[in-house]
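Notes follow once the structure below has been shown.
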Amino acid sequence: MNPVGAVGLPFLYLLFAFFGAATAASYLLRAWSRNVGLAGAAAALLLAVWVWSLDLSLPIWVLPIGGNVDLEAPISFAGYSLQLMAVNAPVIALYLAIAALALLLGAVHRHDAAFPAQVWLMLAGYTALTLLVGAPTAPVNVAPALLILLTALGVYTLYGDPVQANKSRDISGALRALLPPILAATLFVAGGWWVEQIPINPQDLTITQAAGTLLGLGVLLLLAPFPLHGAWPAASESSPPPATLLISLFYQLAVLYLASQTLAAYPFILRQTDWAVWLGALGLLTAVWGGVAAVGANHAGRLWGYAALHDWGLIVLALATPGLRSWTLVLFLFALRTVSMMTAAVGLSAIKQQTGSLEMEQMRSIGLRMPWNSAAVLLGGLGLMGFPLTAGFAGHWAALQSLAIVDWRPAMTIAVASVGAILGFVRLARLMFGIQEARSTARESALTISVAVSALVITLLVATTPQLFSTLITRALAAFG
Amino acid sequence: MLMTPFELAGALLATGSGILFLAALAASIVLIWEWRWALVGSALLLLGVSSVTATLHGIPALITANQWLSIVVGILLLGLSARFHPTGIVTRANANWLLRALALSFLLSAWWVVDPGVRAPLFSQVETDLLIWVALCGILLLSLTASPFFMGIGFLLLLAPLQSIAPVLMPGAGLSIFVGIAQILIALACAYLTLMQSAPVANQHRVTAPLNTPVAAQPSAAPTQTTQPSPRPVFRRPALFPARSAPATTAPSEPQPETQTSVEERA
């Protein structure tokens, strides 16, 4: 932090002004949604690279036209202050990169005219949540309440274009995502009150136990393990793939960051409660349920959702033993998850655009007509299960190895559950590439082929050289570790 | 001592009978499952809970006014969406009243038997029990329906504990403002999804017509003066009785079977 206060214009004013302008411009120019989306993706990607490479040891930025911009100057309102710091800058860059991916997908597949504006709005919200460093109480106690607001805003994004949307579908998935933050916010407030009582009587262990139990339970609820997982597979089925990709990854990254901040601020959660045991058990259940439920899925979107749930269960399980090694694994799994989900979303978006549905029955022989996008669906989906030669393989293998060192039985259970989900994708592949009744006459366009091939190349690159993420994870560990 | 209007309302409800009334109100929303009653009941319930907290914990009138405003705006948004839904709001529960009653009684008896004894700090046991009961009714509403309208009501009930404890446990944090904004945003999202819902199936009815007579070209119902009888439709018996499927014609007085259907939305 700049110790002498703001020297020049705070950078955050510029950042939020940019987000506001991008939201307004994207909405006003929604008639040209493809161009707006592509321009937005380029802008978000450039901003992500710039924020990632920021050197905050030199916080004053001298403009060529005169005047200064203070990169680390906080902005405050009503006791709440936002500040860009070395610990939260990598998370902001990750949000921007995810937003760029979603904008690109939305633009290529002409998803929704209002989607770019929604992406910028959500990006501004999640950025503010991450930059929150000061509040009248501890920021981590306030963050879940803010997460309710962001999840409520995400409902519109998950619903999609009201003109294109199939109104008879089940739309409760988008709403059910509100359940974990609402439940968790109450626990965080109660836990925060107990934390404030600790200095009054530091010898009383029951106070720290009560605080630790409530806060630990709050983090657990926010992570939405089984049986609170229902929103995401449902949203994967009913919502457009770019929207699901954006909202689920934003939410999960925010929750992981909040979990790291909570555990760093209140280490007694780990020491004086059974939090790690609960987290391990629920993570295992989530991974197993994701694999088992995927076997019976008859909708490609839901299959994708269950595969992502299996992967999320493994991340939750890796969190159960916090520490530097654990966060390295969590971040590695999350990075691979982003690549796999993006690859699958590329293929699903193209197929949905051509066939109008992701029901498996509607996808018969689609692989013969849209081979590149079908391959993207399969490779991305299998990557979420840690199938060999996919992006997720290295992460899953590392996680299972580190788990098996402690106890081989959970590792074996997860491996067996992942076979179930792999069977679901085998069934999908048989439908897609089987020479059966050719119902669809859909063809891939050159643009969708190029996007799918790019996604496949990235997936294969990550699968064969996962050490590409070493720099990224080392830098991100500053925020999480 | 001068009491604010909120505290006056709270003083009436912060008694044994008042708390029981609020608990019964929460249960009645689940049991009756009628959208008008759900709106009125949840508004009374949330305003009542807010008033009770204001009375018992001396919450500043400005904070309580903010809570009342957000509750009223949220309920109004949901009510307007139900009122202006083009073909009638879909509020069907995934269970009948008997199952809902059973679920409620199961919750009550499970609570009675387990008796977790959870108590929020600075809150009495009765207050905590009321807040948990309201939240449980909200969860029950959420679990029994996919209707965005009732999910909105459920979320508002589920937010009641947070709305009550935030200004008491963290008085200077301004969390009440965030909770109020969250209530309005959630109600707005549910109202939006309610308006986006398709026409309810219950409001559709079948129009039957003979197979060889298009629906749009049915003969007029007005009596004709012609001497020639109008052509009688050919009656085909169902394939279930192949032995009787010989060509036959129906008498004019016989009811015509359903051979071709179309669906028409009720105006």
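Taken one residue at a time, the phi angles of the range A:141-147 give Karplus couplings (6.51, -1.76, 1.60, θ = phi - 60°) of 6, 8, 4, x, 5, 5, 5 Hz. Gly and Pro are set to x. For chain A, the pair-distance distribution built from all alpha carbon pairs, in bins 10 Å wide starting at 0, is 4, 20, 31, 27, 13, 4, 1, 0 percent.
Under a point-charge model restricted to the Cβ atoms of Lys and Arg (+1) and Asp and Glu (-1), what is the dipole moment magnitude of the protein assembly as shown relative to its Cα centre, in debye to the nearest 20?
Rounded to the nearest 20 debye, it is 1940 debye.
Once you reduce the range B:24-94 and the range B:148-203 to the center of their Cα atoms, the two points are 9 Å from each other.
Per residue, the average separation of C-alpha pairs within less than 8 Å and at least 6 apart gives the range B:6-112 a relative contact order of 32 percent.
The mean number of partner chain beta-carbon atoms within 10 angstrom of a residue's beta-carbon across peptide A:132-138 is 3. Averaged over the residues of B:129-139, the number of partner chain Cβ atoms lying within 10 Å of the residue Cβ comes to 1.
Model label points for A:LEU9 and A:GLU359, set 7 angstrom from Cα along the Cα-to-Cβ axis, are 5.4 nm apart. Rounded to whole numbers, the Karplus 3J(HN,Hα) couplings from phi for the range B:128-135 are 4, 4, 4, 5, 5, 5, 4, 5 Hz, using 6.51 cos²θ - 1.76 cosθ + 1.60 with θ = phi - 60°, and x at Gly and Pro. Since only A:PRO74, A:LEU9, A:VAL155 are under comparison, the one whose Cα sits farthest along the positive direction of the charge dipole of the protein assembly as shown, derived from C-beta charges on Lys, Arg, Asp and Glu, is A:VAL155. Simple rule: put +1 on each Lys or Arg Cβ and -1 on each Asp or Glu Cβ in the range A:287-481, find the dipole, and look at A:LEU460, A:PHE393, A:LEU319; the Cα lying farthest toward the positive end is A:LEU460. For chain A, the relative contact order is 14 percent, taking Cα pairs closer than 8 Å that sit 6 or more residues apart in sequence and dividing their mean separation by the residue count. Residues B:VAL73, A:VAL346 ordered from highest to lowest accessible area at a 1.4 Å probe: B:VAL73, A:VAL346. In summary, the range A:55-101 shows an alpha-carbon radius of gyration equal to 1.39 times the 2.2 N^0.38 Å reference for compact globular proteins. Given +1 at the Cβ of Lys and Arg, -1 at the Cβ of Asp and Glu and no other charges, the dipole of the range A:137-273 around its Cα centre is 120 debye to the nearest 20. Take each peptide in B:184-192, A:185-193, A:334-342, B:109-117, count the other Cβ atoms within 10 Å of every residue, and average; sorted highest first, the result is A:185-193, A:334-342, B:184-192, B:109-117. The chymotrypsin sites (Phe, Trp or Tyr not before Pro) of the range B:1-101 that DSSP puts in a loop, and whose beta carbon has at most 13 other beta carbons within 10 Å, are B:PHE84. In order along the range B:167-184, the phi-based Karplus estimate (6.51 cos²θ - 1.76 cosθ + 1.60, θ = phi - 60°) of 3J(HN,Hα) comes to x, 8, 7, 10, x, x, 8, x, 5, 4, 5, 5, 5, x, 5, 4, 4, 5 Hz; Gly and Pro are listed as x. Of the peptides B:121-127, A:277-283, the ranking by mean beta-carbon count within 10 Å, highest at the top, reads A:277-283, B:121-127. Using the average count of surrounding beta-carbon atoms within 10 Å as a protection proxy, the listed peptides A:116-126, A:353-363 rank, highest first, as A:116-126, A:353-363. Each principal axis of the Cα cloud of the range B:36-140 was taken in turn, and the coordinate range along them, longest first, works out to 47, 40, 14 Å.
For the segment B:155-166, counting C-beta atoms of other chains within 10 Å of every residue's C-beta and taking the mean gives 4.
Each Lys or Arg adds one and each Asp or Glu takes one away; over the other residues whose Cβ falls under 13 Å from the Cβ of B:SER28, this sums to +1.
Using a probe of 1.4 Å on the protein chains alone, the accessible area found for A:ILE98 is around 10 Å². The separation of the range A:235-301 from the range A:201-215, counted between C-alpha centres, amounts to 26 Å. For the range A:1-111, the relative contact order is 41 percent, taking Cα pairs closer than 8 Å that sit 6 or more residues apart in sequence and dividing their mean separation by the residue count.
Dividing the summed helix terms, -39500 (n - 2.57) for each DSSP H run of n ≥ 4, by the number of residues in chain A produces a 222 nm estimate of -23500 deg cm²/dmol to the nearest 500.
The values are calculated or read from the model by the stated rules, or taken from the named source; none is laboratory data. Given the structure is predicted, the values throughout are model-derived calculations rather than measurements. Every residue, glycine as well, gets a Cβ built from its backbone with ideal geometry; the counts of neighbours run over all protein chains shown. Note: accessible area is taken over every heavy atom of the protein model, side chains too, but ligands, DNA and RNA are not part of it. Shrake-Rupley method; radii C 1.70, N 1.55, O 1.52, S 1.80 Å.
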